[in-house]
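For reference, the structure discussed in these notes is given below.
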Amino acid sequence: MVSLETVLYALIALSLALYFLLDGYTLGVGLNMPLLRNPQAREAAIHSVTPFWDANQTWLVFAVAGLYGAFPTFYSTILPTFYIEIIILLMLLFIRGIVFEFYEKFSCSGFLQALLFVTAFAAAFLQGAIATQLLLGQGITDEPGHGDIWQYAGLLGGAAFILGYAVLGSAWLQMSQSNSKTKITAYPRTLGISAFVAIVLWVVLCLTEQPLLAARLAERTEIILCIVAASLLLPILLRRITGVHKNPLIWVISPLILLSSAGSICLYPDLLIPGLRLQNVAAPHASLIFLLVGLAIALPIIIAYTLYSYWSLLKR
């Protein structure tokens, strides 16, 4: 029988994957600012994500709330280590929101566009570096603010996230403005090649530096192959549903789903390698039931709202 800890772990992993996808393209639009040399293109790019950025960020709130409620020991382990980095990351996301909300109210559009790029670049790097350290179980100490994200593994993880988000942003712009007269001058092919190389190097490094991840990947090959098949079929299914045949975002979604799912599967049943097993760090059983009921009510509502918000755009 599947335990409550496993169900909550799966829900949290799902919400994180959706955050990386949805807020990933939002950050990616900011990362594409220097590549959009036409001022009208930069304006149109910002307007394309303004209606969605806050809803996209909801998935991070959902995941963090789920982690805090279900696995409180996880917080007491990672927050002291990455306290400074997490505070900076939250401030960057906060500033990014200010840019979107007040963009139309100020005449200094050039400064705000530059600020959007800087916040997106720094936030993407911090997410990648912190995620890499957590995957590898490295740099976790009892001393506050001593998470070592500046090791080569953290730097490569940050670069992989930056380039991956940039590809997502470029694909979003190609899709959302396909019928616009504003020319998009981003470079999806160059970004795609660069991101592919960086992500492959990052995956190889993670599997090399953390043998337990590689061992679990080998043990769970059948599950991973099923996910690969599903991620390949998903673009075809979305093309048939939406009737859109030239949609680069649909094809970018597949590798992201594959990476997120593979990472969650290889980590299970740990939250951190080594030592933090789900059953050892979970909240009391009654708390898990209470949390699961709340998440079960909230999750379908959030998913339905997200699908409804994007449906009209996908039909374009």
Only residues that are within 26 Å of I250 (Cβ to Cβ) and buried (at least 16 other Cβ atoms within 10 Å of the Cβ): list them for segment 195-216, please. A195, A198, I199, W202, V203
Given (1) crowded, with 20+ Cβ neighbours inside 10 Å; (2) within 22 Å of S260 (Cα to Cα), where does A45 come up short, assuming only one miss? (2)
Which residues, counting only those in segment 109-139, are at pLDDT below 75 and out of contact with any Phe, Trp or Tyr (no Cβ under 9 Å at 6 or more places or on another chain)? Q138
Restricting attention to segment 74-95, does a residue exist that is more than 26 Å from L8 (Cα to Cα) and free of Cβ contacts under 8 Å to residues at least 24 places away in the same chain? yes
Any residue at all in segment 89-104 that's small (G, A, S) and either surrounded by fewer than 15 Cβ atoms within 10 Å (Cβ to Cβ) or modelled with pLDDT under 90 (or both)? yes
Of those in segment 266-294 that are more than 15 Å from V7 (Cα to Cα) and under 26 Å from the mean Cα position of the chain (by Cα), the residue modelled with the highest pLDDT is C266
Quick check on F62: is it within 17 Å of F161 (Cα to Cα) and buried (at least 20 other Cβ atoms within 10 Å of the Cβ)? no
Suppose we filter G24, G30 for residues that are closer than 18 Å to V167 by Cα, in contact (Cβ under 8 Å) with a residue 40 or more places away in the chain and under 14 Å from the mean Cα position of the chain (by Cα); which single one remains? G24
Go through the residues of segment 78-97 one by one and say whether even a single one is hydrophobic (A, V, I, L, M, F, W, C), under 29 Å from A282 (Cα atoms) and in contact with a Gly (Cβ under 7 Å, 6 or more places away or on another chain). yes
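The values are calculated or read from the model by the stated rules, or taken from the named source; none is laboratory data. Just so you know, these numbers come straight off a predicted model, no measurement behind them. Positions of Cβ are backbone-derived with ideal geometry, glycine not excepted, and every protein chain shown enters the neighbour counts.
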